[in-house]
């Protein structure tokens, strides 16, 4: 079985006031934290979708396929479609946002192991039964992911296939928190 990853790094950071992925959290830029949590070597192929040249350059240095996103203003769906277009030949793909600076590699590894054990399912990281990000989708759902529009990620596909959803507990609640504003230690999932 061959798995891929799409790290989605195209957000405008309106609430943050700019490209938040270069902003350090505990001394490490958020994008580097995402690379540490979901390193390219865990996957058969991994890409970073971004509209920021500096993020794409860092991605290439870390072994990810850099995928420019000229449609970032279309929201998350553009990142999903662009990333999936580079990984469509794989058996499953993990989609991961890059503004969860406390996400840990061991949780990502548990998520991938669960997908390997249940390859027809959608496996999503969670905390106490609440679904979060990242999530791994089997290839049979790729057409639905490619059909997404607007500022929507895979959540709608997950809601349409609740019977396929498997939750994998994160190591702690903080892993599912994202950072939306400067000086904030994360918002809820």
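The values are calculated or read from the model by the stated rules, or taken from the named source; none is laboratory data. Small disclaimer: the values here were computed from a predicted structure and weren't measured. Note that each Cβ is placed from the backbone with ideal geometry, even for glycine, and that neighbours are counted across all protein chains shown.
Here are the numbers for this structure:
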read-out	value
Number of the condition not met by residue 41 [criteria: (1) modelled with pLDDT of 95 or more; (2) more than 21 Å from residue 157 (Cβ to Cβ); (3) surrounded by 19 or more Cβ atoms within 10 Å (Cβ to Cβ)]	(3)
Odd one out for residue 117 among (1) modelled with pLDDT of 95 or more; (2) touching a helix residue (DSSP H, G or I) at 6+ places or on another chain (Cβ under 8 Å); (3) farther than 11 Å from residue 6 by Cβ; (4) surrounded by fewer than 22 Cβ atoms within 10 Å (Cβ to Cβ)	(2)
Residues satisfying the stated conditions in the stretch 1-28, i.e. over 14 Å from residue 55 (Cβ atoms), modelled with pLDDT of 90 or more and in contact with a helix residue (DSSP H, G or I) (Cβ under 7 Å, 6 or more places away or on another chain)	1, 3
Filter result (assigned to a loop (DSSP other than H, G, I, E, B) and either at pLDDT below 95 or farther than 21 Å from residue 45 by Cβ (or both)) within the stretch 89-108	98, 99, 100, 101, 102, 104
Every residue from the stretch 139-180 that is under 19 Å from residue 129 (Cβ atoms) and assigned to a helix (DSSP H, G or I)	155, 158, 159, 162, 163, 164, 173, 174, 175, 176
Close pairs (6 angstrom Cβ cut-off, 6 or more residues apart or separate chains): on the phi > 0 side of the Ramachandran plot in the stretch 73-97, crowded, with 19+ Cβ neighbours inside 10 Å and outside any helix (DSSP H, G or I) anywhere	none
Residue match in the stretch 127-137 (condition: in a strand (DSSP E or B), surrounded by fewer than 17 Cβ atoms within 10 Å (Cβ to Cβ), at negative phi and at pLDDT 90 or above)	yes
Out of 111, 176, 167, sole residue that is under 20 Å from residue 93 (Cβ atoms), at pLDDT 95 or above and within 15 Å of the chain's Cα centre (by Cα)	111
